[in-house]
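Engineer: The structure under discussion is supplied below as structure tokens; questions concerning it will follow.
Any read-out appearing in this document is the output of simple, stated calculations on the displayed coordinates, not a laboratory observation. In this text the structure is predicted, and so the values were computed from the model without any measurement. Neighbour counts are summed over all protein chains in view; Cβ atoms, including those assigned to glycine, are modelled from backbone coordinates with ideal geometry.
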């Protein structure tokens, strides 16, 4: 009985795969390529084995599941904590270099996000001309814009302090007594609302 050479030779034919180590390594590498390619379409694979020939394969890669946006559910205690935090930040009077979104992110206790992102993909309308329905204290409200950034605010719902926001960059938080006036439709965040 002759023992076959199990060491690949440079420039020579590929030797047998003792114990399947090469096959396992190839399979693991291919699995990682498929994992990283999820959602990027099929993988075209070409393998050339010396002395055996060339094999081509097209591997269908399942699409990565689409991200599902869901409202961040808050309990009444969470909503009350948001209102409390917004009032504390109002009293502290610190300037917010990133404006309204920096303020709202501080209230939420999350890293900075732009106003359009904070509003979510499908923020429902809650009214216009200082007449709002469907808001609960602690809800994040505002509007999105197609160019640049929209605006976000914390709904407080108290007499003389319907909202707390930061009007623009490098300003301090302010009370908004009645709302945002005629011609400024307001929406409720589809991510951060009750």
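Engineer: Along each of its three principal axes, how wide is the spread of alpha-carbon positions in segment 76-188, in whole angstrom units, largest first?
Structural biologist: Cα extents, longest axis first: 33, 31, 24 Å.
Engineer: In whole percent, what relative contact order does segment 76-188 give with Cα contacts below 8 Å and a gap of six or more residues?
Structural biologist: Over segment 76-188, the number comes to 34 percent.
Engineer: Which FRET efficiency value, to the nearest 0.05, is calculated for residue 130 and residue 110 with the Förster distance at 30 angstrom and r the Cβ-Cβ distance?
Structural biologist: The value I calculate is 0.55.
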